[in-house]
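See below for the structure under consideration.
What follows draws every value from the coordinates through simple rules; no lab data is involved. Fair warning: this is a prediction, and the values are worked out from it, not measured in the lab. Methodologically, a virtual Cβ is constructed for each residue, glycine included, from the backbone with ideal geometry; neighbour enumeration extends over all protein chains shown.
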Amino acid sequence: MSSPASNPYAIRIRDLAQRPGEMRTLERDITVPETLGAGQIVVPEGATLQLDLRLESLHEGILVSGHASAEAVGACSRCLIEITEPVEVDFAELFAYDASEDFDYQVHDDHVDCEPVVRDAVVLSLPFQPVCRPDCPGLDPVTGERLADVGERAAPEQIDPRWAALQELRANGGANTDAEPTER
Ligand SMILES: [Zn+2]
């Protein structure tokens, strides 16, 4: 575990420790030291993460609640184009003074390390299969082209049997109307 000085997620709580009822809010913009997420979209190392924290001193420890904002970058799971997506997550965890089975996190001397709490909240919010748009048509299985770019150009090449039948009908109808006058 990194020391509080080098860990941007570490929050000093000396002013709150063992003082139940005390409360403090804190805003901190951090540079993400280690990529959050491991899927097709992540909050990369070096990205800015905005933390809006509320620290409350309780008898058992320090309750840390807050909100994290960042921008995730990745690739559309269908067409592979680069995409970005806003990340907005809330979290709340109690950091206990004593190591106990009841609490997952502990106060370390004069600070709490919010890294695992923020990491979990952010990673869980990331879409498993991100898409550039909800109806992304993906890639052409033959050419590998991005179908959203190909767009209308691809349509005439695909012969829809219903459309072919309609064209036939229209052709026959046209022939009949041309033929009728000559028969009278
Ligand atoms: Zn896409």
Exercise for review: Work out the length of the dipole vector of segment 10-125 about its Cα centre, built from +1 on the beta-carbon of each Lys and Arg and -1 on the beta-carbon of each Asp and Glu, and round it to the nearest 20 debye.
Suggested key: 260 debye
Practice item. Please figure out what share of the DSSP beta bridges in segment 10-125 is antiparallel and state it in percent, rounded to the nearest 5. Key: 95 percent
Point to revise | Residue-span extension gain [residue 65 to residue 23] - 0.36 nm each, minus C-alpha spacing | key: 14.0 nm
Exercise for review: Kindly list the residues of segment 49-80 that lie in the label zone of residue 99, defined by a backbone N under 14 Å from the point 7 Å along the Cα-to-C-beta vector.
Suggested key: none
Review point. For residue 92 and residue 106 in the same chain, what is the full-extension length gain: residue separation times 0.36 nm, less their Cα-Cα distance, in nm?
Key: 3.7 nm
Practice item. Provide the per-residue ³J(HN,Hα) series for segment 81-95, in order, calculated from phi with Karplus coefficients 6.51, -1.76, 1.60 and θ = phi - 60°, each as a whole number of Hz, with x at glycine and proline positions. Key: 5, 6, 9, 10, 9, x, 10, 9, 9, 10, 8, 7, 8, 9, 9
Check your understanding: Tell me, what is the FRET efficiency for residue 81 and residue 124 to the nearest 0.05, using R0 = 22 angstrom and their Cβ-Cβ distance as r?
Key -> 0.35
Exercise for review: Using a Förster distance of 41 angstrom, determine the FRET efficiency expected from the C-beta separation of residue 143 and residue 5, and round it to 0.05.
Suggested key: 0.15
Practice item. Would you please classify the overall shape of segment 60-119 from the alpha carbon gyration tensor, given that a ≥ b ≥ c denote the square roots of the eigenvalues, rounded means a/c under 1.5, and beyond that prolate means a/b larger than b/c while oblate covers the rest? Key: prolate
Check your understanding: From the backbone phi of segment 32-38, what are the Karplus-calculated ³J(HN,Hα) couplings (6.51 cos²θ - 1.76 cosθ + 1.60, θ = phi - 60°) in whole Hz, Gly and Pro given as x?
Key -> 4, x, 8, 3, 9, x, 9
Revision key, fill the gap. Per-residue Cβ contact counts at 10 Å, fewest first, order 128, 95 as 128, 95
Review point. Taking square-rooted eigenvalues a ≥ b ≥ c of the alpha carbon gyration tensor, is segment 1-96 rounded, prolate or oblate, where a/c under 1.5 means rounded and, failing that, a/b exceeding b/c means prolate?
Key: prolate
